[in-house]
Amino acid sequence: MGRRRQRVDPAAGARAGALPEAIAALSRSLPSGPSPEIFRRAKFDRPEATSALWQLLFRVLSPLPAGNALASLALEVQARLVKSALCSQGYPRLALAQLPEDGSQGSRELLLALSWLLARGPVPEQMLAQARVPLGDEMTVCQCEALASPGPPAPHMEAEGPVDVRHVQWLMGKLRFRWRQLVSSQQEQCALLSKIHLYTRGCHSDQSLSHLSVTEAEMLRDPEGGQQLLRTLERENQRLEAVLAWRRSELVFWRWMDTVLGTCAPEVPAAASQPTFLPWVPERGGGELDLAVRELQALEEELQEAVERRRVAWEAKAGGCGRGPEWSAARRASREAVEKELGALQQCWERDGGPAQPHGPHRLVRREDGAAGDRDLRAAVVIRTLRSQEACLEAVLRRLQGQCRQELARLVGALPGLIWIPPPGR
């Protein structure tokens with residue numbers, strides 16, 4: 001009697017083959033993405049996949065160039081920055097904050113964190129746009145991209161003791177100096193761009209551009225650099241193809257992530273997750289121990305009563321400490337005031353009659369005839385619009401500074417023993 005042949009479902013085989021392809025496409029679309037084997041090991045919470053996922057999350061949450069000093073941080077520092085960034089973005093699982101930072105365990109939890117980031121927004125597209133190779137001299141007029149990618153979170157440091165006002169003033173002076181350095185470097189860069197555009201006028205094959213960009217001039221000066229740029233563009237095209245392949249097969253990945261989430265144990269409250277350690281009590285001296293326990297319990301009750309009295313008094317003085325209808329009404333009024341202020345600023349900007357707010361990078365083109373297309377932006381018009389917006393913001397800043405001075409004067413009047421020395425005017 002022959003062996004019965006087992007029926008093979010071609011659809012199941014196609015689904016089984018689509019999962020490795022989807023994970024491989026996702027890995028190729030991310031910067032320094034790990035191999036698909038790392039994802040498979042992370043599903044089973046294998047420790048050898050932890051370090052690679054910590055580094056991947058760090059690159060996703062704080063996109064940095066390869067030569068940046070922060071890109072070569074120790075694994076413990078990267079893990080702390082990843083925890084801080086995910087906490088600030090509202091990551092819901094508490095298990096991530098309890099993971100060790102040495103990369104010894106927690107690969108499944110890191111895989112869940114990565115999938116949470118992928119579900120929130122187009123992470124591969126954002127990483128591809130940030131690593132895009134600009135062939136022309138571009139400038140971003142709006143601040144949307146800068147606000148969307150604030151960079152790596154700064155580590156939180158508690159001040160030991162009171163902070164000296166002179167130290168704060170020194171930091172403010174250092175910040176002003178750095179700001180002047182940035183402005184001067186930007187002005188120098190614009191001057192160099194203008195020289196390159198003027199000297200290479202008429203060299204471009206595209207008559208609408210008429211001059212070369214810095215990248216194109218560098219390719220003519222150094223042909224080997226042009227070959228390197230070509231290889232960079234090829235890698236960028238490969239990542240773009242990987243992103244397209246990932247978008248076509250991401251549904252298979254999410255079905256697989258459902259099975260990964262099903263293997264995780266349900267989270268318990270933080271208080272219940274802490275183990276309870278009971279001290280060892282000797283048999284002798286039980287009466288003295290009972291007496292000490294009763295005294296400690298009485299002292300604890302007195303401390304709780306004192307703490308409760310102080311808490312009630314402080315909440316009444318602070319206006320509810322974030323709770324109660326008074327605080328909710330104040331917070332709602334503050335939100336409405338901010339929205340009203342932003343609306344007034346927007347209306348003020350629109351009344352100036354300037355162009356619509358441009359988004360995305362724009363290529364800098366020098367034209368002698370002054371002709372501009374339908375989608376082109378004149379530099380003079382953009383500068384005039386930005387200056388009018390700057391004037392509006394400075395007026396709002398002066399008004400808020402006046403309100404702060406009035407509030408400080410009121411607080412100083414309420415404390416007669418306090419001497420207030422305002423900073424010198426600038």
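The values are calculated or read from the model by the stated rules, or taken from the named source; none is laboratory data. Note that the coordinates shown come from a computational prediction; the quantities given were computed from them, not determined experimentally. Note that we place each Cβ from the backbone using ideal geometry, even for glycine, and neighbour counts take in every protein chain shown. To get the accessible areas, we keep the full protein, side chains included, count just its heavy atoms, and leave off ligands, DNA and RNA. Shrake-Rupley method; radii C 1.70, N 1.55, O 1.52, S 1.80 Å.
Below are the figures for this structure:
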quantity: Qualifying position, being under 21 Å from Pro122 (Cβ atoms) and either surrounded by fewer than 12 Cβ atoms within 10 Å (Cβ to Cβ) or at pLDDT 85 or above (or both), among Leu251, Leu299; calculated: Leu251
quantity: Matching residues in region 18-58 - criterion: being surrounded by fewer than 17 Cβ atoms within 10 Å (Cβ to Cβ) and small (Gly, Ala, Ser); calculated: Ser32, Ser35
quantity: Identity of the residue in region 97-134, open to solvent by less than 60 Å² (accessible area, probe 1.4 Å) and of a type in the set (S, T, N, Q), that ends up farthest from Phe253 (Cα to Cα); calculated: Ser104
quantity: Counted residues, region 81-96 - those being assigned to a helix (DSSP H, G or I) and open to solvent by less than 30 Å² (accessible area, probe 1.4 Å); calculated: 4
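Here is a yes/no grid of residues against (1) among the polar types (S, T, N, Q); (2) at pLDDT below 75; (3) open to solvent by less than 100 Å² (accessible area, probe 1.4 Å); (4) touching a Ser or Thr at 6+ places or on another chain (Cβ under 7 Å):
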| position | (1), (2), (3), (4) |
| --- | --- |
| Val281 | no, yes, yes, no |
| Gly285 | no, yes, yes, no |
| Ala292 | no, no, yes, no |
| Glu305 | no, no, no, no |
| Lys317 | no, yes, no, no |
| Glu326 | no, yes, no, no |
| Arg332 | no, no, no, no |
| Ala344 | no, yes, yes, no |
